[in-house]
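Please read the structure below before turning to the comments.
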Amino acid sequence: MCGIVGYVGKEKALPRILSGLKFLEYRGYDSAGVAYILNEKVNITKRVGRIKELESSVDYNLDTYIGIGHTRWATHGVPSEINSHPHQVGKFTVVHNGIIENYLEIKEKLIKEGVNFISETDTEVIPALLDYNYKKEKDILKTIKKTLSSLEGSYALGIICSDDLDNIYAARCGSPLIIAKEDNGNFIASDVPAILSYTNKYILLEEGEIAKISKDNISVYDNELNKIIPKENIFEGTEDAAMLNGYEHYMLKEIHEEEKVYLDTLNYYVENNKFKNTMLEFKDYKHIHIVACGSAYYVGNIGKSLIEEYANIPVDVEVASEYRYKKNFYDKDTLVIIISQSGETADSLAALRKAKEDGIDTLAIVNVFGSSIAREALYTLYVKAGPEIAVATTKAFLAQTTLLTLLAVRLSKKEELLKEFVGLEKSINELLNKDYLEYAKYIYKHNDTFFIGRLVDYALCLEGSLKLKETSYINSVAFQAGELKHGTISLITDGTPVISICTDDLVRSKTISNIKEVKARNAYVIFITNEFIESDFYDKIIVIPKVSKLVSPIISVIPLQLISYEVAKLRGCDIDKPRNLAKSVTVE
Ligand code: F6R
């Protein structure tokens, strides 16, 4: 939620900051701004809308070698120039990702002290408090330390003080921030893709740490201002990972990476049909809770089906925003699994912390290396999806499903099941190369779509429905096929699109009966199945490869993703950045 980029070095700062911001636009894109130092003065430019609006308002060639930029996803206050970042009060200019929960309290206190606020944001209290504290402390690091101790909530911060025009200061608590080094300067950024065009060397700022960054030096301090030596990381992927590479959209590019992502995830944990030691050994848990948000929650539902069926362990799947507040029944025999692509989702992180506080074993299934959830869980297993830029998740969903399937096998202690994965990439490839436009051409004209399926196919329906809603703005709901007749079938009228997924032999005939029920009400049925059936109960059939039930969900999601993509394209939607959304939801 919101992206930060800062640069200080020997190269011109604005091209670096703005190109970095473009890679972070997935984190928020309703306004953007930049602060840079020119002629010994901090200058600020902000614009409502996308980064391109900001780009056309600043001169790339300005002789500025230090600056901080921001792309915003509005939480407090509408998208407007006043509410966009950077925010400046007195000597301090700040960009912020996160939420300051006690901002009203701080604001009231500072107003009484005569401080004037101009925006509706929570962020503005940060430069205001910095400026207020600086008057007494007269030392920038001590001022930052004191200010941070008053903030409640989450933040990653880039700070410039007009008394020190050679350094950028940074701090984090609950929101990610990296510091990256290149030969001629240093960056701060919310995520690695922002800096990959220049360097792959970076430091992950840890919770509570403060950094002072000049063109040739990075100093990191703990929250008591003791200097520490941070660990340097090298990003293993290539810059290509963050580029479109000829694809029209990141969503399409990322779907087409699924064959590789599947193999990378599989090969990281398995060799010659045996687990490598990268796959953890688990004790015999009696219960599993899977906790996640959005698509990751739907992966959890697939995981439940597989773990219950193959490992015989009961699994509860919970939405993280509920789990963190509800009464949970768990004990030392329970494993809590948190699934998160970003590893920074606020509710998932809070659910993890709650389980940890209660002394429960936790396992994180995460894509982003070094993210908060990955670092805080007792155990972590990474999926190998690489950077995911499109807001709607696709390749990470497939990678998470692959890893959950491997986990089900691990927990089942039946390693011989690993042979079911052999050659699955061919089926992935086959599905990626099919044309889904004809189905999209029917759906895109309608305002409502239904997805129906049973058991694990229902979990896939949930994902198919979410993908369609978020990318094409078509209202859609997913139902367990047998449930529709208990009320919702009243919504089926002439031509209503119904997408049915039917891969499980156990319930095939039952699902088909339910499809006939909607067909009898003149629905337009797109039947996705792994066994061709000649019949008139569907309008269109998509036959997917028949693979073992264990690995089937890994491939079944592909037609759903590509149909959503094609529908969104036909409707002219902003596919990679759907309205109102942002990737990585680091606020509650
Ligand atoms: C949907 C989507 C979201 C995320 C959810 C969790 O396409 O991307 O529903 O799945 O916000 O995000 P992570 O996995 O980063 O915790």
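Read-outs: derived from the displayed coordinates by stated rules, not from any lab. Computed from a predicted structure; not experimentally measured. Glycine also receives a Cβ, built like all others from the backbone with ideal geometry; neighbour counts cover every protein chain displayed.
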Query raised in the report: Between 439, 587, 513, whose Cα lies farthest towards the positive end of the dipole of the range 433-588 when Lys and Arg beta carbons carry +1 and Asp and Glu beta carbons carry -1, centred on the Cα centre?
Result: 587
Query raised in the report: Spin-label point model (7 Å from Cα, Cβ direction): what's the residue 216 to residue 445 distance in nm?
Result: 6.8 nm
Report task. Distance check, please: which entries in 274/413; 46/112; 384/469 exceed 20 angstrom between their Cα atoms? Result -> 46/112; 384/469
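With the cut-off at 26 Å, tell me which of the pairs 253/414; 304/569; 276/419; 304/540 have Cα atoms farther apart than that. Provide the component values of the computation, followed by the final result.
Details: 253/414 35 Å; 304/569 33 Å; 276/419 14 Å; 304/540 30 Å.
Distance filter (> 26 Å) returns 253/414; 304/569; 304/540.
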**Report entry** Partners for residue 107 among aspartates and glutamates (Cα-Cα distance below 19 Å; same-chain residues under 8 apart left out)
**Finding:** 120, 122, 124, 131, 152
Query raised in the report: What percentage of all Cα-Cα pairs in the range 244-422 are separated by more than 25 Å?
Result: 29 percent
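Give the residue list of GluC sites (Glu not before Pro) in the range 256-337 that are DSSP loop and have at most 11 other beta-carbon atoms within 10 angstrom. Could the numbers behind the result be given before it?
Working: sites: 257, 258, 259, 271, 281, 308, 309, 318, 322; in loops: 257, 281.
Sites meeting the loop and neighbour criteria: 281.
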Query raised in the report: Counting alpha carbon pairs within less than 8 Å and at least 6 residues apart, what relative contact order, in whole percent, applies to the range 244-422?
Result: 28 percent
Query raised in the report: For the chain, what size does the Cα cloud have along each of its three principal axes, sorted from largest down, in whole Å?
Result: 78, 51, 45
Report summary line: Rounded to the nearest 0.05, FRET efficiency between residue 102 and residue 485 (Cβ-Cβ, R0 45 Å) equals 0.35
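Report relative contact order for the chain in percent, whole number only (criteria: Cα-Cα under 8 Å, sequence separation at least 6). Each step should come with its number before you reach the end.
Details: 1322 pairs, mean separation 69.5, N = 588.
The normalised contact order for the chain reaches 12 percent.
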Query raised in the report: Looking at the P(r) of the range 328-481, how many percent of alpha-carbon pairs lie beyond 25 Å?
Result: 44 percent
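Determine the calculated [θ] at 222 nm for the chain from helices alone, applying -39500 (n - 2.57) to every DSSP H run no shorter than 4 residues and normalising by the residue count; nearest 500 deg cm²/dmol.
Values: 17 runs with 183 residues, N = 588.
Only helices count here, giving -9500 deg cm²/dmol.
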Query raised in the report: Quick one: Cα centre-to-centre distance for the range 285-306 and the range 439-489, in angstrom?
Result: 20 Å
Report task. Report, in whole Å, the centroid distance computed from the Cα atoms of the range 193-261 and the range 83-134. Result -> 28 Å
Query raised in the report: Sorted by packing (mean other beta-carbon atoms within 10 Å per residue), highest first, where do 383-393, 572-582 land?
Result: 383-393, 572-582
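Rounded to the nearest 0.05, what FRET efficiency do residue 276 and residue 539 have when you use their Cβ-Cβ distance and R0 = 41 Å? Could the numbers behind the result be given before it?
On the way: r = 46 Å, r/R0 = 1.12.
That pair, residue 276 with residue 539, gives E of 0.35.
Please work out the Kirkwood hydrodynamic radius for the range 474-588, using every pair of different C-alpha atoms, and report it in angstroms with one decimal place. All intermediate terms of the calculation are to be shown ahead of the outcome.
Working: mean 1/r = 0.0626 Å⁻¹.
By the Kirkwood definition, the hydrodynamic radius is 16.0 Å.
Out of every Cα pair in the range 301-379, what percent are spaced more than 16 Å from each other?
Details: 1506 of 3081 pairs.
Result for the distance tail: 49 percent.
So what is the relative contact order of the range 3-238, in percent, for Cα pairs below 8 Å that sit 6 or more residues apart? Please report the intermediate quantities before stating the final value.
Values: 578 pairs, mean separation 48.1, N = 236.
Relative contact order for the range 3-238 comes out at 20 percent.
Report the equivalent ellipsoid semi-axes for the range 3-238 in whole Å, largest first, defined as the square roots of five times the eigenvalues of the gyration tensor built from alpha carbon atoms. Display every interim value, and only then the final one.
Details: eigenvalues 118, 86, 55 Å².
Sorted largest first and rounded, they come to 24, 21, 17 Å.
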Report summary line: For the pair residue 63 and residue 513, the simple spin-label estimate (label points 7 Å beyond Cα toward Cβ) gives in nm 8.2 nm
Query raised in the report: Where in the range 1-23 does the amide nitrogen come within less than 16 Å of the point 7 Å from the Cα of residue 120, taken along Cα to Cβ?
Result: none
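Compute, for the range 478-588, the length of the dipole vector about the Cα centre, with Cβ point charges of +1 (Lys, Arg) and -1 (Asp, Glu) only. Units Debye, rounded to 20.
On the way: 14 positive and 13 negative charges, 24 e Å.
Magnitude of the dipole: close to 120 debye.
Restricting things to Cα coordinates, could you compute the convex hull volume per residue of the range 1-94 in Å³? Provide the component values of the computation, followed by the final result.
Details: hull volume 7.9 nm³, N = 94.
Expressed per residue, the convex hull around the Cα atoms of the range 1-94 is 84 Å³.
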